[in-house]
Amino acid sequence: MLSEVSRAAAGACGISQAQGIRRLTQTYAMTIGLWQMLDWPPALAALLQQPEFSLLRADFETELRDALERLWA
């Protein structure tokens, strides 16, 4: 299935199938990494309301969309 999807992605983006596989793998890793980074446990979530942690209050969907646009551009 990965081969089929990577071929389709490669064709749509004008890249090789090998590059398609790499980008799909990177997409998966980036999605998991951002989710883990931005999904604060309830015990620490209150810290995010403090001004010094404002940089860590990123929105998962916004950050993922931005990262994927950069990766697949």
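Read the figures in this text as sums done on the coordinates, not as results from a lab. Since this is a predicted model, take the numbers as computed values, not measurements. Cβ coordinates were reconstructed from backbone atoms using ideal geometry, including for glycine residues, and neighbour counts include every protein chain displayed.
Descriptive notes on the structure:
- All positions within the stretch 7-44 that are closer than 19 Å to R70 by Cβ, small (G, A, S) and either in a helix (DSSP H, G or I) or in contact with a Pro (Cβ under 9 Å, 6 or more places away or on another chain) (or both): A9, A10, A12, G20, A29, G33
- Hits in the stretch 3-17 (condition: surrounded by 10 or more Cβ atoms within 10 Å (Cβ to Cβ) and of a type outside the set (K, R)): S3, V5, S6, A8, A9, A10, G11, A12, C13, I15, S16, Q17
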